[in-house]
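Written out below as structure tokens is the structure these notes cover.
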Amino acid sequence: MVDDSELPAETRRDVLKYLGAAAGLGVVGSQTATNPFAHPVAALQSDEDAFESDERRIESFDGTELDTTFYEPTADGPHPAILMTHGWGGNKTDLQPLASVYASNGFVVLAYTSRGFGQGGDSGGSGGEVHSTSELEQQDASALIDYLAQQDAVVTDGENNPRIGMDGTSYGGGIQMRTASVDDRLDAIVPRATWNNLAQSLAPNGVIKRGWIEALEYGAQTGNIAPENSETTAGILERGRMTEDDREYYRQRSPVTYDAIEDTPALLIPELTDQLFPINEGVRNFRKLQTDGSQVTLLLGQDGTHILGQPDSYPPGSETSRQFVGQMALQWQEAHLKDGDLDVSTLHYYDASADAFEAAEEFPPHPERSTTGTVSEPVQLSGADGNVASVDVEIEESTEILGLPTLTLDATPTGDGRSHLFVALQRVRDGEATTIKQRVTPLAVTEAGEIELELFGVHANLAAGDRLRVAMSAREDALTSAAVNDLFGGSLYRPSDDNAGIEISGDSEVQLSVPASQELPAAGTVGGTDGGEMDGTEGTESTEAMGSPEGTDGGGGMDGGTTGDGTTTSGSGPGFGIPAAVGGASGLGYLLSQRLGRTESTAVDSEADD
């Protein structure tokens, strides 16, 4: 658990600022925007003469007062409206840059501090307790929609029906998804870096993401948190795992359990480098909305919203990505709230090697390709030693991979205690291995048998002569250089116990499936090696050998926890969160490196992490 009493007051304030900061449009002032559309009509600019703002305290459905800022364009109205709230641990002031851009482009904006947050600040914050995107938070949003319907400055499409969109990041994105599932007055939403199943996000495949749970606990210190929430989080950290009740608590606060969102067009913006909500979460929301029948576009950016790693050891954000994402969000609202011109594909994704965006009409953009390797002898992965097993695929021609890979193999937990398998896809070039996007997928291995594990989503461009490697270990830190600051547990995940491990069965096959632009050649023979020292930019240097995760219910244990006996359950999707970074090497990781005596931020070769 994080003890904020050890930090100077200034550091506490600054860290909490970044825990709650929204990843806005990335620009304010008069910067020129990158136009992602054929017919752009919106500008990523803030013009203080184009709007006025005032502070308002608005009574919600149950009498709770919500702290808000009302932005009104000075041009003749009425205007469509945008409703916005912030990330976990934040308040309405985090939204000022994004709100100013919308207001400068002819939208009334109501930015509010979510129930229970901001108390003790200059404005007093909003009343009530934080219940973590419960029905109460949804009812607050609907009450504010009621309020906007009564404002002369807002266009209405009928009685108590304002023309309105929502935009927000992380916790703010979660509130959008819940509100859209019950309030059909919403005309457009833009959920950024948010979740589909919070249980899976906080404990992917039965392994708790202790670094982020610690960070969320730290952010909770800025709010009046409901006892049920605090007790749930504290219990998970104390036990080192989720119970069935924990999983149900988080599932009920996740889109995986919400009613269909049928009539609200959604621009979903997960990020390729997000540590808390991997793109798997956004993809599951994307598929849910497609099934629900709503218009939906998936935009994969690289702005680095949720990052706890040191800035010199993690893929940097991109100004190109921030500009493009901001322009698309603005254009989305223009199209759906002002009958603007919209020229957009089903999928847009950031290509770090080109520092540009590509478009496709479906996700994934390439067909599923499979390759199989053979385990000649049993491979032992040790929780104490952190040795690495891997298998390589020789790339014969330029190949793009983008999507959610799956890994299938036989594995057995060994020793006593908890056996956790960690899997990373790596690119090997000129003898150096780089963990792609620093994505490492965990899995609690609880019984012997075949495992089919969905890996965290990746994107990479592989050249002829490269090798695509699947690397596995019983320790996360053997596979990634993205170290988590000690303030938040020192690592993202709970490691395997020292006296536990995993055996990859001999005389069996290991199969990797991944969406790819070219067929994948046959994989090599599986073996085992010691893990090498991590290079801050290049990743791990393990050699040929491959291992696998622990037996779960098929589908990679998508409900994110373990039962009383530790077995992983099935379900779908991750998610929750603090927008911990505003983009690039900034945000929480950068802030902690500066304030807590870590290294200075340095540039990272984006090609090494594409």
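Rg of the Cα atoms in region 298-395, relative to 2.2 N^0.38 Å, amounts to 1.61.
Report the extension gain between D152 and D355 in nm, rounded to one decimal, defined as 0.36 nm multiplied by the number of residues separating them, less their alpha carbon distance. It would help to have the intermediate numbers written out before the result.
On the way: separation 203, 0.36 × 203 = 73.08 nm, distance 4.37 nm.
Difference between extended and current length: 68.7 nm.
The mean accessible area for residues of region 165-246, using a 1.4 Å probe and ignoring ligands and nucleic acids, is 23 Å² per residue.
Could you give the length gained by full extension between N499 and T257, i.e. 0.36 nm per residue of separation minus their alpha carbon distance, to one decimal place? Mind showing how you got there, number by number?
Values: separation 242, 0.36 × 242 = 87.12 nm, distance 3.78 nm.
Between N499 and T257, full extension yields 83.3 nm more.
Distance from the Cα centroid of region 139-156 to that of region 380-407 is 51 Å (rounded to whole angstrom).
Counted by Cβ distance under 10 Å from F61, the other residues give a net charge of -4, where Lys and Arg count +1 and Asp and Glu count -1. Once both labels are positioned 7 Å from their Cα atoms along Cα-to-Cβ, the gap between S370 and Q221 label points is 5.0 nm.
Rounded to the nearest 5, the antiparallel percentage of DSSP beta bridges internal to region 242-367 is 40%. If one computes the Cα centroid of region 258-336 and of region 198-229, what distance in Å separates the two points? Computed from Cα coordinates, the inter-centre distance equals 21 Å. Of the solvent-accessible surface of region 140-251, computed with a 1.4 Å probe and all protein chains present, 37% belongs to carbon and sulfur.
Take peptides 427-436, 52-61 and line them up by average Cβ neighbours within 10 Å, highest first, as a rough protection proxy. Each step should come with its number before you reach the end.
Values: 427-436: 19.9, 52-61: 13.9.
Going by the mean number of other Cβ atoms within 10 Å, highest first, we get 427-436, 52-61.
Available extension along the chain between E432 and E248 is 62.0 nm, counting 0.36 nm per residue and deducting the alpha carbon span. For E377, the shell of other residues with beta-carbons less than 12 Å away shows a net charge of -2, using +1 for Lys and Arg and -1 for Asp and Glu.
Its Cα gyration tensor gives region 334-448 an equivalent ellipsoid; the semi-axes, largest first and in whole Å, are 38, 19, 14.
In the context of the full set of protein chains, residues of region 372-474 present 29 Å² of accessible surface per residue (probe radius 1.4 Å, heavy atoms only). Each 5 Å bin from 0 upward holds the following percent of the Cα-Cα pairs of region 188-262: 3, 14, 24, 26, 18, 9, 5, 1, 0.
Computed over region 121-188, relative contact order equals 30 percent, with contacts defined as Cα pairs under 8 Å that lie 6+ residues apart. Pairwise alpha-carbon distances in region 104-257 exceed 24 Å for 38% of all pairs.
With N residues in region 252-337, what two-decimal value do you get for its Cα radius of gyration over 2.2 N^0.38 Å?
Normalised Cα radius of gyration, region 252-337: 1.20.
Summing charges over neighbours of A141, with a neighbour being any other residue whose Cβ is under 12 Å away from its Cβ, gives -2 when K and R count +1 and D and E count -1.
Take the alpha carbon atoms of region 382-485, find their radius of gyration, then divide it by 2.2 N^0.38 Å using N residues; give the quotient.
On the way: Rg = 14.2 Å, N = 104, 2.2 N^0.38 = 12.8 Å.
Normalised by 2.2 N^0.38 Å, the Cα Rg of region 382-485 equals 1.10.
Assuming R0 = 22 Å, what is the FRET efficiency of D339 and E319, from their Cβ-Cβ distance, to the nearest 0.05? That pair, D339 with E319, gives E of 0.10.
The values are calculated or read from the model by the stated rules, or taken from the named source; none is laboratory data. Just so you know, these numbers come straight off a predicted model, no measurement behind them. Positions of Cβ are generated from backbone atoms using ideal geometry, with glycine treated the same way; all protein chains shown enter the neighbour counts. Quick note on the areas: whole protein, heavy atoms, side chains included, nothing else; ligands and nucleic acids left out. Shrake-Rupley method; radii C 1.70, N 1.55, O 1.52, S 1.80 Å.
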